[in-house]
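The values are calculated or read from the model by the stated rules, or taken from the named source; none is laboratory data. This is a predicted model, so every value here is computed, not measured. Here Cβ is always computed from backbone atoms with ideal geometry, including for glycine, and neighbour counts include all displayed protein chains. Ligands, DNA and RNA are excluded from the accessible area calculation, which covers all protein heavy atoms including side chains. Shrake-Rupley method; radii C 1.70, N 1.55, O 1.52, S 1.80 Å.
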Amino acid sequence: MNDEAFQKSIRKLLKTVGVTTQQEIEKAVQLALEEGRLTGDEALPASVRVQITGLDLNLTFEEDITLE
């Protein structure tokens, strides 16, 4: 195994997931505010799940996204 390539591929995946997820959450919140489905002071429960095919790995992270 090439440790450098392995670590680089993990970082690339996490960066892509992080950036894309943040952008999509921001768009969804903005739309919900514009449509009146949110008032802007909510705490929104969120979860992120990580699974890797071929490994016995199934992680779930839960945290509130606060708007105020």
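Quick notes on this structure:
- Carbon plus sulfur fraction of accessible area for the chain, probe 1.4 Å, in percent: 54 percent
- Relative contact order for the chain: 24 percent, from Cα pairs under 8 Å spaced at least 6 residues apart, divided by residue count.
- Full extension of the segment from M1 to L67, taken as 0.36 nm per residue of separation minus the current Cα-Cα distance, would add 19.4 nm.
- Estimated FRET transfer efficiency (T53, A28; beta-carbon r; R0 25 Å; 0.05): 0.35
- Kirkwood hydrodynamic radius (C-alpha pairs) into Stokes-Einstein, the chain, 10 °C and 1.306 mPa s, D in µm²/s: 110 µm²/s
- Taking all protein chains into account, the per residue accessible area for the chain stands at 90 Å² (1.4 Å probe).
- The amide H of L44, built 1.01 Å from its N in the peptide plane, has I65, T66, L67 as neighbours under 5 Å, considering only residues 5 or more places off or on other chains.
- Acute angle (nearest 10 degrees) that the helix 3-34 long axis makes with the longest principal axis of the chain, alpha-carbon atoms: 10 degrees
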